Amino acid sequence: MIHSLFLINHLGDIFLEKHWKSVISRSVCDYFFEAREKAVDPENVPPVLQTPHHYLISIYRGKLFFLSVIQTEVPPLFVIEFLHRVADTFQDYFGGCSESVISDNVVIVYELLEEMLDNGFPLATESNVLKEMIRPPNILRSVVNTLTGTTVSAEIQGVIEACVKLSGMPDLTMSFMNPRLLDDVSFHPCVRFRRWESERILSFIPPDGNFTLMTYHISSQNLVAIPVYVKQSISFFEAGSCGRLDITIGPKQTMGKTVEDLKVTVHMPKAVLNANLTASQGNYTYDFTTKLLVWDIGKLNPQKLPNLRGSLSMQTGVPNPEENPSLNIDLKIQQLAISGLKVSRLDMYGETYKPFKGVKYVTKAGKFQVRT
Amino acid sequence: MSTGVSYNDQGGAEAAVEAGQESTPTSSSTGAAFGLFSADFKKNEDLKEMLESNKESLKLEAMKRIVGLIAKGKSASELFPAVVKNVASKNIELKKLVYVYLVRYAEKQQDLALLSISTFQRALKDPNQFIRASALRVLSSIRVPIIVPIMMLAIKEAAADLSPYVRKTSAHAIQKLYSLDPDQKEQLIEVIEKLLKDKSTLVAGSVVMAFEEVCPDRIDLIHKNYRKLCNLLVDVEEWGQVVIISMLTRYARTQFTSPWTEGAEFDENKAFYDSDSEEKKDQTEAKPYIMDPDHRLLLRNTKPLLQSRNTAVVMAVAQLYWHLAPKHEVSIVTKSLVRLLRSHREVQYIVLQNIATMSIQRKGMFEPFIKSFYVRSTDATHIKTLKLEILTNLANEANISTILREFQTYVKSQDKAFAAATIQAIGRCATNISEVTDTCLNGLVLLLSNRDETVVAESIVVIKKLLQTQPTQHGDIIKHMAKLFDSVTVPMARASILWLMGEYCEKVPKIAPDVLRKMAKTFTAEEDIVKLQTVNLAAKLYLTNSKQTKLLTQYILNLGKYDQNYDIRDRTRFIRQLIVPNEKSGALSKYARRILLAPKPAPVLESAFKDRDRYQLGTLSHSLNLKATGYQELPDWPAVAPDHSVRNVEIVEPLRESAPIVGKTKQPKSDDKFYSDDEDEKEEEESDSSGSGSEDSSSSEESGSESEEESSEDSEKTSSDSGKSSSGSEKSSSESESDQKKKKKTKKAPQKKSKPAGDSDSDENGNGPVGQASSSSSESSSDSESDSESDSGSDSPAPKKKTEEKAKPKVAVNSKKEVSLLDLDDFSPAPTNAPKPSVLSQSLLSDLEGLSLSNITSTVQYSRAAYEMVK
């Protein structure tokens, strides 16, 4: 299975290596660097590569490549899933997954890797097994809804994240007011499939700490209420090598809740040299090397709609971009699950104490893209 | 610690990288020798001192730094003697790090590594299971051939350990030992065989992994464990599930017959394909194919895993359904696969590849989810291309307009490689769906005035292909392209225009010679591919319009004759001989016109994923589209299913003896117990007498004894009926009665065995024992369930089915020692019926192959039903 792991930073330096079988020279990574070079953008590196004697499967997380070396046939998703699990574990342990964090904790990292794989086969990948910690009873769970929407297609995808701190072997059941909404679900292994199938109840003995209990998808038949609307006009003038930009955002179907952390990101065409804009609310930045315009709005005020307008200066002599850039919008709404999913109750069996329970709903924009 | 690391990495890292880049990539797994750097050397001296001190804290600090060195890929091997001394340290933390070091360097310092062996041998006997396990892990990870016998011994002992965790470790150790010394294979297979019997969910995944690595061809080792593995599957850890599922996929392909085309092949096929195109909703009608219950068991038990959070598990189940399930059941995996598309970029990549392959054969599966494959501008290029591929595969008359609208957006993308791919995709849609060919063609013509070179070039190439498939009204388009000719610089596009001019020169008689004239001017500066097409155009024009073009053609042929490229020289020579009649040219030149201007078949625009289905889905080979090392070919279905009874698990002798012990009933009673259930159920249904969960060993004596008689009659009856070699019915019961019974039996007989399975299942789920009382009601529910299932699965004509099913209980009776494995634990008291093994003739037994297992089917149904009751 997984033979070796190399961690590579964005400069192409290998800063950590681990071998679970005999040692493989790090020169094997040269094939990867070649592909990396060719791809230009790190996102574009093919996850599966072939070399004369090995196969390289890599993931890109937090500006780092996790590159594993494989010698024989293995389901690629098996490796990819595992590598992401490794990254998740680092995140969980160190609160981050950057090179400096990993280098600072190299001994723990090594011990973790040693525990997670034996002879290339996953051994312990659960955070709670790895941590082996016990905490006082109290429970808090949050329903986080992620919303993805464009005028073209919209869907709701959500996760239920749990933070369980209960002693003993509590057997929990959780039910929803409206389980019919759920179109497609996937579970943490602790959830009993059959019980869900027959009764639409989540029954489980939770591991300690934070974990993702369930992810779900709301069928697209149910209309997705997109919480904001966007009015934009971006135009480039043939003469004078300049352009105009005007974006306004307003609330729509927020059910009385405030939209927070509103942020608009625009990938400008290459020809745009600079932006001279005024924002009625929040700040904007334009990075002319990456051509990224970021407008950080913050809270959406329904009385006074945020607006960003101004002119764009263009490179002269270059034909105008034929496609207007699309807008990516991030937002967050507290105390509202846009899917309408509601937790009905949570019961505990098997232990005698009374747990503290809580639930928190959040809506976040997923990949909200407005084509212009 | 961190100071040590940072101190260390100055220059070291760069040096290492340099070294890595200089050395040519090889497969050899020698560690890079970075230890030559003097800085490291000096540094290691003080590490040695620290290790030799008496202070634990100093030693620990030293070990941490050494691990830092290892992580950087720098050599610390000269510290081996100093480190190995600490292997027996009491400090757990220190010990762990020493283990890390040992595993890394033991291979290089074999003699010194031997010093540590006795420590591990001692630890293998430790009362703490984790210490035993970790000792075995390290011992087996030290790749020192001399200790092979010690490892072998340790593995064998650990395989019999009381702790499942230690047994799991031993399963891992098997693979390590095998890669160290393949000669141990036979002995290792013995251990694998033993561990395969293990009932712990912890062990299952690891031992199957060992099986796959050491002896994947020994399918016979799986038979007896097949049902157990199926039933344990849900509770095995995620990684084990992936391995087990892929192994079982292969197994099923060797043991069961195809659910796809069995029986009335023609009708069947038609039904399948029809249903595909019609959203595959309609049930396939009656088919004589009956799925082996073990086959069904596998499908049923893997299905819940589609809800796993682990993407690899979901993919494994999806490929299992793809390769094993009846066609109309495959689509249940769609939703789960689409769910995976919201996962990480790398996951999307693999899943999209698999969907691309699937969507070629079965559009219907993914059509409802077409919006999931819309491209986002933030997607990576390879993701975009895959989505485009899938959208193209899914295009049909109904959705083509939506898809084309999407494509219009994509063509404008700033990612030009992607825009070009989109144009190709439009071309494919245009050829596949005749309704939109014109629309697409017009759209592509519009793109010819696009500013971007690659877009124009790609459009020309695609238009060229389309015009070939649609040989009407191209005059205008060709004229348009001729106008563009001067501005287009991409060679492939220029060549395409020239080819079009030549091919349809009679439709544009005025323009074609003019284009040739222009080409004559620039011939020498063109790319080879353009030159070849120029020669082509010249030849065709010479044949159709020699008056105007004779001189031009000769000029071009002369240029070509002296070209630097031999292909062009050859082509020129050939063309000249062909078109210019002279005494040497012989017969061919008479046919020049027919040769050059023959109508040519249109090119077929196909998916790049068309032939990927030769690889098992979800594999590395599929992903790379080439056979990876160690890829196991997925066997084709056998024409005739091998003996199914190999999967029956033998009842161990003691079990039979145990019957009297538990049930206070006399020996004969316990035999017939086996049947009594049937009777009871029957009674439940028909007459409302007795009934109620008589499975319980403490069932009412009366009903038991009654049914006893009946059932024995019944079974014998059945045997005599179905078996051609009837041994004469021992008791003659009234015909009508037995008939009735038979009928009922078809449904019920299977269930009785399943009962215990239900129990054990729920136990595994941690739900505590299922109340026996629940059994009766759950039975009835499972009854109906089994009915409906067998109906949907196989609506065979009633009589046939009856006889077959009738036979099932029969076999169970006769090959009396066989009982499904699940029974072992929970069912010890009951059902061995000793007396009648000899009743059945050999031939009858073989006739009944494939049938006896049906009880398993109901097993699962049963367990589900029971489960509900518990709650």
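Before moving on, here are some points about what is shown:
- Residues of segment B:518-577 that turn out to be of a type outside the set (Ser, Thr, Tyr) and closer than 16 Å to B:Arg593 by Cα, as a count: 15
- Entry remark, segment A:160-189: residues being in contact (Cβ under 8 Å) with a residue 12 or more places away in the chain and within 10 Å of chain B (Cβ to nearest Cβ) number 9 in total.
- Among the criteria (1) over 33 Å from the mean Cα position of the chain (by Cα); (2) closer than 14 Å to B:Val191 by Cβ, the one B:Ala159 does not fulfil is (1).
- Residue selected from segment B:381-412 under the condition part of a loop (DSSP other than H, G, I, E, B), surrounded by fewer than 23 Cβ atoms within 10 Å (Cβ to Cβ) and at pLDDT 85 or above, by the criterion nearest to the chain's Cα centre (by Cα): B:Asn396
- Being among the polar types (S, T, N, Q) and over 25 Å from B:Val455 (Cα atoms) is a property that B:Gln348 has.
- Scanning segment B:323-366 for residues that are in a helix (DSSP H, G or I), more than 14 Å from chain A (Cβ to nearest Cβ) and charged (D, E, K, R) gives B:Lys327, B:Glu329, B:Lys363.
- Output for segment A:174-200, where each listed residue is buried (at least 19 other Cβ atoms within 10 Å of the Cβ) and either on the phi > 0 side of the Ramachandran plot or assigned to a strand (DSSP E or B) (or both): A:Met174, A:Phe176, A:Val185, A:Ser186, A:Phe187, A:Val191
- Unique residue being more than 20 Å from B:Asp567 (Cα to Cα) and assigned to a helix (DSSP H, G or I) when the list is B:Leu543, B:Leu537, B:Leu532: B:Leu543
- Being part of a helix (DSSP H, G or I) and modelled with pLDDT under 80 is a description that does not apply to B:Ser607.
- The set of residues from segment B:610-631 being assigned to a loop (DSSP other than H, G, I, E, B) and within 7 Å of chain A (Cβ to nearest Cβ) comprises B:Gly618, B:Thr619, B:Ala628, B:Thr629, B:Gly630, B:Tyr631.
- Within segment B:364-379, residues that are of a type in the set (A, V, I, L, M, F, W, C) sit with their Cβ atoms under 7 Å from residues that are not in a helix (DSSP H, G or I), at 6+ positions apart or across chains, in these pairs: B:Ile370/B:Asn399.
- Which listed residue, of B:Lys168, B:Lys156, is over 19 Å from A:Leu117 (Cβ atoms) and part of a helix (DSSP H, G or I): B:Lys156
- Considering segment B:453-487, and only residues there that are within 14 Å of chain A (Cβ to nearest Cβ) and touching a helix residue (DSSP H, G or I) at 6+ places or on another chain (Cβ under 6 Å), the residue that is surrounded by the most Cβ atoms within 10 Å (Cβ to Cβ) turns out to be B:Val455.
- Check on B:Glu435, of a type in the set (Asp, Glu) and either buried (at least 19 other Cβ atoms within 10 Å of the Cβ) or more than 22 Å from B:Pro603 (Cβ to Cβ) (or both): no
- A:Val101 being more than 24 Å from B:Val313 (Cβ to Cβ), out of contact with any Gly (no Cβ under 9 Å at 6 or more places or on another chain) and in the same structural domain as A:Asn9 (by TED's automatic domain parsing): no
- Scanning segment B:367-377 for residues that are at the interface with chain A (Cβ under 7 Å from one of its Cβ atoms) and either part of a loop (DSSP other than H, G, I, E, B) or more than 15 Å from B:Phe407 (Cα to Cα) (or both) turns up B:Tyr374, B:Arg376, B:Ser377.
- Selection from segment A:256-287 of residues that are surrounded by 13 or more Cβ atoms within 10 Å (Cβ to Cβ) and part of a loop (DSSP other than H, G, I, E, B): A:Lys257, A:Thr258, A:Met268, A:Pro269, A:Ala271, A:Ser280, A:Gln281, A:Gly282
Quick grid of which residues meet (1) more than 14 Å from chain A (Cβ to nearest Cβ); (2) in contact (Cβ under 8 Å) with a residue 24 or more places away in the chain:
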| residue | (1), (2) |
| --- | --- |
| B:Lys125 | yes, no |
| B:Arg132 | yes, yes |
| B:Ala135 | no, no |
| B:Ser141 | no, yes |
| B:Val148 | yes, yes |
| B:Ile155 | no, yes |
| B:Ala158 | no, yes |
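- Looking only at segment B:450-486, and only at residues there that are within 23 Å of B:Met519 (Cα to Cα) and without any contact (Cβ under 8 Å) to a residue 12 or more places away in the chain, the one that is farthest from the chain's Cα centre (by Cα): B:Lys483
- Any hit, segment B:317-327, residues being surrounded by fewer than 24 Cβ atoms within 10 Å (Cβ to Cβ) and over 13 Å from the mean Cα position of the chain (by Cα): yes
- When each of A:Ser68, A:Ser98 is tested for being more than 8 Å from every other protein chain (Cβ to nearest Cβ) and buried (at least 24 other Cβ atoms within 10 Å of the Cβ), the lone residue that passes is A:Ser68.
- Scan of segment B:326-358 for residues that are in contact (Cβ under 8 Å) with a residue 60 or more places away in the chain and of a type outside the set (Lys, Arg), ordered by number: B:Pro326, B:Ile350, B:Gln353, B:Asn354, B:Ala356, B:Thr357, B:Met358
- The helices (runs of 4 or more DSSP H) found entirely in segment B:62-149 that carry 1 or more residues being out of contact with any Leu (no Cβ under 8 Å at 6 or more places or on another chain) are B:92-105, B:110-123, B:129-141.
- When residues of segment A:27-56 are limited to those that are at the interface with chain B (Cβ under 9 Å from one of its Cβ atoms) and of a type in the set (Val, Ile, Thr), the one nearest to the chain's Cα centre (by Cα): A:Val45
- Any chance A:Ser142 is assigned to a strand (DSSP E or B), modelled with pLDDT under 70 and either more than 13 Å from every other protein chain (Cβ to nearest Cβ) or over 23 Å from A:Lys332 (Cα atoms) (or both): yes
The values are calculated or read from the model by the stated rules, or taken from the named source; none is laboratory data. In this text, all values refer to a predicted model and were calculated from it rather than measured experimentally. Because the Cβ atoms are built from the backbone with ideal geometry, glycine has one as well, and the counts that use them run over all protein chains shown.
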